[in-house]
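Undergrad: This is the structure I want to talk about, given as structure tokens.
Nothing in this text is a laboratory measurement; each read-out follows from the coordinates by a stated rule. Source: prediction; values computed, not measured. Glycine also receives a Cβ, built like all others from the backbone with ideal geometry; neighbour counts cover every protein chain displayed.
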Amino acid sequence: MKDQIKWEKDLKPGISRARAENKPILLFFHNPN
Amino acid sequence: MDAVTYPNPTVIEFIQKYMVPVQVSYNSQPLATDFNIRWTPTLITLDSDGREHHRTVGFLSPQELVPSQMLGMAKCHFDLERFDEAVSILEKLLAEYPKSDSTPEAIYLRGVSRYKKTGDAKPLKEAYVQLQKDYPASEWTKRASPYKLL
């Protein structure tokens, strides 16, 4: 399978992961249509 | 962005290594209201507590997304008064992406970060001199113009 970005789908799990990994967050708002 | 930028191997490697990526729809609530989203794509760099430090609106190519996010990471450190970490990321940005759209602001912020760290005004003037030489038309050169008097 081709490499791809493993996006979180909500900010709360993103913050939990960011704190655990001591990383900043890239929050991407897009139009899926 | 989904078709061009995010499949790029350099972008994938950078984001997976240095950031936690979160993708949501422009109308996802309460986030769309909390972050005042009016257009897409909107990319926001947050610290690990969810506070905003950097935002871009509109398409970014693979060659621009990485330096833009490096600038966002540096702003996180700067805002939290971690000036050594900010300078370190900005030096990397300037070395790896010397021609990016984020570069003039990075030169400016590096000068300010060095000043905030040491209290020595010399880095501010150095930032202006470099901006005037390499990016005379940049808005960041105008913003740094008072430092020529230092």
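Undergrad: Relative to the longest principal axis of the C-alpha atoms of chain B, give the angle of the C-alpha long axis of helix B:83-96, reported between 0 and 90° and rounded to the nearest 10°.
TA: It works out to around 80 degrees.
Undergrad: What number, in percent, do you get for the relative contact order of the stretch B:9-149 if the mean sequence gap of Cα pairs under 8 Å and at least 6 apart is divided by its residue count?
TA: Averaging sequence separation for qualifying contacts and normalising by length gives 14 percent for the stretch B:9-149.
Undergrad: Let me ask something else about it. Check each of the GluC sites (Glu not before Pro) in the stretch B:55-99 and keep only those in coil by DSSP with at most 14 other C-beta atoms within 10 angstrom; list them in order.
TA: Loop-located and lightly packed - B:Glu81.
Undergrad: For a quick check, take a GNM of chain B with Cα springs below 10 Å and name the residue from B:Leu31, B:Leu94, B:Leu43 with the largest mean-square fluctuation.
TA: Answer for the Gaussian network model of chain B: B:Leu31.
Undergrad: Do any of B:Lys92/B:Lys148; A:Lys23/B:Lys125; B:Lys17/B:Lys75; B:Lys17/B:Lys142 go past 29 Å between their Cα atoms, and which?
TA: A:Lys23/B:Lys125; B:Lys17/B:Lys142
Undergrad: Oh, and also: For chain B, take the longest principal axis of its alpha carbons; what is the angle in degrees between that and the long axis of helix B:9-18, to the nearest 10 within 0 to 90?
TA: The helix B:9-18 is inclined about 80 degrees to chain B.
Undergrad: What angle do you read, to the nearest 10 degrees and between 0 and 90, between the alpha-carbon axis of helix B:62-79 and the longest principal axis of chain B?
TA: Once rounded, the angle reads 70 degrees.
Undergrad: For a quick check: with amide H placed at 1.01 Å from N, whose amide H comes under 5 Å from B:Val20's, ignoring anything fewer than 5 positions away on the same chain?
TA: A:Ile25, A:Leu26
Undergrad: How big, on average over all directions, is the shadow cast by the Cα convex hull of the protein assembly as shown, in nm²?
TA: 11.1
Undergrad: Taking chain B as a Gaussian network, Cα atoms linked when under 10 Å apart, which of B:Ser28, B:Ser100, B:Ser61 shows the biggest mean-square fluctuation?
TA: B:Ser28
Undergrad: Here's another thing I want to ask about it. If you plug each phi of the stretch B:33-48 into the Karplus form 6.51 cos²θ - 1.76 cosθ + 1.60 with θ = phi - 60°, what whole-Hz ³J(HN,Hα) values come out, in order, with x for Gly and Pro?
TA: 6, 4, 9, 6, 7, 10, 7, 10, x, 10, 10, 10, 9, 10, 7, 6
Undergrad: Rank the residues B:Thr45, B:Thr103 as a footprinting-exposure proxy: fewest other Cβ atoms within 10 Å of their Cβ go first.
TA: The fewest-first ordering by Cβ neighbours comes to B:Thr103, B:Thr45.
Undergrad: Can you work out ³J(HN,Hα) from phi for every residue in the stretch B:117-130, in order, using Karplus 6.51 cos²θ - 1.76 cosθ + 1.60 and θ = phi - 60°, giving whole Hz and x for Gly and Pro?
TA: So the Karplus estimates, Gly and Pro as x, are 6, 10, x, 8, 7, 4, x, 5, 5, 4, 4, 4, 4, 5 Hz.
Undergrad: Further question: For the pair B:Asp49 and B:Thr118, how long in nm is the line joining their label points, each one 7 Å along Cα→Cβ?
TA: Reported label-point gap for B:Asp49 and B:Thr118 is 3.0 nm.
Undergrad: Within 10 Å of each Cβ in B:5-14, how many Cβ atoms from other chains are there, averaged over the peptide?
TA: Partner-chain Cβ atoms within 10 Å, mean over residues of B:5-14: 2.
Undergrad: Oh, and also: With a cut-off of at most 13 other beta carbons within 10 Å, and DSSP calling the residue loop, which trypsin sites (Lys or Arg not before Pro) in the stretch B:65-105 qualify? Please list them.
TA: Those that pass, being in a loop and sparsely packed, are B:Lys99.
Undergrad: With all distinct Cα pairs included, what does the Kirkwood hydrodynamic radius of chain B come out to in Å, to one decimal, could you say?
TA: Kirkwood radius, chain B: 16.4 Å.
Undergrad: While we're looking at this one, here's another question. Tell me what the protein assembly as shown gives for mean residue ellipticity at 222 nm when only DSSP H runs of n ≥ 4 count, each as -39,500 (n - 2.57), the sum divided by the residue total, rounded to 500 deg cm²/dmol.
TA: Computed mean residue ellipticity for the protein assembly as shown: -15500 deg cm²/dmol.
Undergrad: Counting other beta carbons within 10 Å of each residue's own, what order do B:Trp140, B:Trp39 fall into, fewest first?
TA: Ranked by crowding around the Cβ, least crowded first: B:Trp39, B:Trp140.
Undergrad: Excluding residues fewer than 8 places away in the same chain, name every one of the aspartates and glutamates whose C-alpha is closer than 19 Å to that of B:Lys99.
TA: Within the straight-line cut-off, B:Lys99 pairs with B:Glu64, B:Glu91, B:Glu126, B:Asp134, B:Glu139.
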